[in-house]
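Shown next, in structure tokens, is the structure this report addresses.
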Amino acid sequence: MHAPSLFKSLREYNRKTFLADLTSGLTVGVVALPLAMAFAIACGCSEITPSTGLVTAVVAGFMISLLGGSKFQIGGPTGAFVVIIAGVVASFGFSGLVMCTLLAGLFLILFGVFRMGSLIKFIPFPVTTGFTSGIAVTIFCTQVKDLLGLQIDGAVPAEFISKWGCYFAHINTINPWAVGLSLLTIAVILIVKRFWPRLPFMLIGMLVSTVVCCVFNLPVETIGSRFGELPHGLPAPSLPTVDWAHLPELIQPAFVIALLAAIESLLSASVADGMTGSRHHPNTELVGQGVGNICSALFGGLPATGAIARTATNIRAGARTPVSGLIHALTLLLILMLLGQYAAMVPLAALAGILVIVCWNMAEVSTFTHLLTGPRQDAVVLALTFVLTVLIDLVVAVEVGVVLASLLFIGRMAQISNVESVSNVLEDDEEENPARSRYLREIPDNVEVFDVQGPFFFGAVEQFKDRVFRSVEHDVDYILLRLRLVPALDASGLHALEDFQAYCGRRGITLLLCGVQKQPMKVIRRDREFMEVLTMENVCENIDAALERIKQLEKVRKTVERG
């Protein structure tokens, strides 16, 4: 495993590089301020305050930059975790969430130690798009109350349908001032982003709405009225209170948090590579993400991962090394210590407006619609993952989406796997393929040749049995399996070969293999019992060598018969 990117970057560090990192770190720290608070509020839990989001961005962000495998990654709370955080807190309380975050950190470290960084990238694109778009819809649903300033006594229901039923039941309590501040925030963000994209447009949107709210003393709910004043620093680290009875139940959501953190962080690091031409180290990045989440849990923070938008902002602001990420975290800490009391003035409608913009960006509407009009199987996976995320649960959505996509992939791979009887095929294409017709003339009448094509795995075993077992002629003495077009062999495929060897042995037929590629040969050689029966002499380099081997066996057989 590679060392953290920071360590390598410091070898050639100089004053010019530091000034570039300082500028970018201060910029992205200011950009991250409203997002950290907004994502915490979006969780919809009274135990999670805006300061919880800031603590997460400070602690996890610092550790991810310190120990991660990307030079430009900015870590912190993101929208991907909002849905699952709300579910964990509802079932196990905030202490359960802290324990869940700690477990997720351990999973991430294990992912990195066992070099699973490259495997995480193989999560199907329709699955990631489906749950990301579903999360965007879910976050938007949690913000309707603050967007419209609805007066709702008690907690808003967590379920999608019940939540909207509650909103419609209280629609007559809309606060026009809250609606106005939400629209003002959105408008300012869009205008600043359009004409001055280098400025921290979300922070500007929040500040404009806060100033308007304070100057005109608008009757809307603020951070202070709901959560009280923010603390002036980090809380003391402590171990979470563990209810051992709930620990097995926390494994599943913790694993999903780790999986989401891995997917999003590696995607963010890949985007950074594309913007800068650098290369990140995925396994080191996963270990850094794991340590960041463990430290976040110890300080009572939320799950964290690499944030694509903040990482891109970091790069555009001129970042050179992970030091910019460290400065981003320290900037947020200074803001929390020096200006925390002023955050109480921020209207919740402004943060809801910020999250509307975030949700629209997360939804990836164009990508979503494009996938829906693509291959039918991918569209089904996308739609099912999206619906399950919105209506049921993110954990269920990810599990069902990955399993369904895997089954469909297995089906596709099984379709490209094929077994042909060479004798029958060559009679049809003799003019088009002289090389194959030459083998037809050379193959003796007592030899049957089968051409196996495609991955020979559990999804293709039944096809192999149907084609080969039923096609074997009763008067043949030798069967030759050509495996030159088989790139991979698994345990099920090997077992099918063993069964076929036994089938041939009962009928006095000699089985030979030829053209075996590297991976299948490695699997076959490991099975000593199979190799003892098959013998290494009957595993030939190509069909010419196999036909020559058959001639030798024929000579031996005839000699024995004469003797």
| query | If you take the C-alpha gyration tensor of the stretch 496-563, multiply each eigenvalue by 5 and take the square root, what semi-axes do you get, largest first, in whole Å? | reply | 23, 16, 9
| note | Non-local residues with an amide H under 5 Å from the amide H of L230, with H modelled 1.01 Å from N and Pro and chain starts lacking one, are A344
| note | In whole angstrom, the spacing between the Cα centers of the stretch 131-146 and the stretch 188-222 equals 21
| task | Please get the size of the charge dipole for the chain, origin at its Cα centre, with Cβ charges of +1 on Lys and Arg and -1 on Asp and Glu, quoted in debye to the nearest 20. | result | 1960
| message | I'd like the distance separating the alpha-carbon centroids of the stretch 504-559 and the stretch 237-296, in whole Å. | response | 49
| request: Neighbouring Cβ atoms within 10 Å as the yardstick, rank D273, D393, D21, D466 fewest first. | output: D466, D273, D393, D21
| Could you give the distance between the Cα centres of the stretch 147-167 and the stretch 315-352, to the whole Å? | 30
| said: Between C214 and L22, what is the label-point separation in nm under the 7 Å Cα-to-beta-carbon projection? | reply: 2.8
| said: Which one, T23, A86, C43, is farthest towards the positive end of the dipole of the stretch 1-129 when Lys and Arg carry +1 and Asp and Glu -1 on their Cβ? | reply: T23
| said: Output wanted: per-residue J couplings in Hz (rounded whole) for the stretch 382-390, from phi through Karplus 6.51 cos²θ - 1.76 cosθ + 1.60, θ = phi - 60°, x for Gly and Pro. | reply: 4, 5, 5, 4, 4, 5, 5, 4, 6
| query | Under a Cβ-Cβ cut-off of 13 Å, what is the net charge of the residues other than V346 that fall near it, where Lys and Arg count +1 and Asp and Glu count -1? | reply | -2
| Size of electric dipole in the stretch 1-150: Cβ of Lys, Arg +1 and of Asp, Glu -1, about Cα centre, debye, nearest 20 | 540
| For the chain, calculated [θ]222 nm from helices alone, where every DSSP H run of n ≥ 4 adds -39500 (n - 2.57) | -21500 deg cm²/dmol
| said: Under the rule that an exposed site lies in a DSSP loop and has at most 16 other Cβ atoms within 10 Å, name the longest stretch of the chain with no trypsin sites (Lys or Arg not before Pro) of that kind, not counting the sites themselves. | reply: 280-506
| Of every Cα-Cα pair in the stretch 331-396, the percent that sits beyond 20 Å | 56
| note | Farthest towards the positive end of the dipole of the chain, among P124, P375, G292 and with Cβ unit charges of +1 on Lys and Arg and -1 on Asp and Glu, lies the Cα of G292
| Which cross-chain or sequence-distant (5 or more) residues have an amide H under 5 Å from the amide H of T305, H modelled 1.01 Å from N in plane? | G76, T78
| Positive-end residue of H170, L250, L207, charge dipole of the chain with Cβ unit charges | L207
| query | In sequence order, what are the phi-derived ³J(HN,Hα) couplings for the stretch 23-34 according to the Karplus relation 6.51 cos²θ - 1.76 cosθ + 1.60 with θ = phi - 60°, rounded to whole Hz, with x for glycine and proline? | reply | 5, 5, x, 5, 5, 5, x, 5, 5, 6, 4, x
| said: Along each principal axis of its Cα atoms, how long is the chain end to end? Whole angstroms, biggest number first, please. | reply: 111, 60, 52
| note | Going residue by residue through the stretch 219-231, the Karplus relation 6.51 cos²θ - 1.76 cosθ + 1.60 with θ = phi - 60° gives ³J(HN,Hα) values, rounded to whole Hz and with x marking Gly or Pro, of x, 10, 7, 10, 4, x, 5, 9, 10, x, 6, 6, x
| remark: Within the chain, excluding any chymotrypsin sites (Phe, Trp or Tyr not before Pro) found in a DSSP loop (not H, G, I, E or B) and having at most 11 other Cβ atoms within 10 Å, the longest uninterrupted segment runs 245-563
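Read-outs throughout are calculated quantities, based only on the coordinates presented, and are distinct from any laboratory measurement. Note that the coordinates shown come from a computational prediction; the quantities given were computed from them, not determined experimentally. For neighbour counting, all protein chains shown are included, and Cβ atoms are generated from backbone atoms with ideal geometry for every residue, glycine included.
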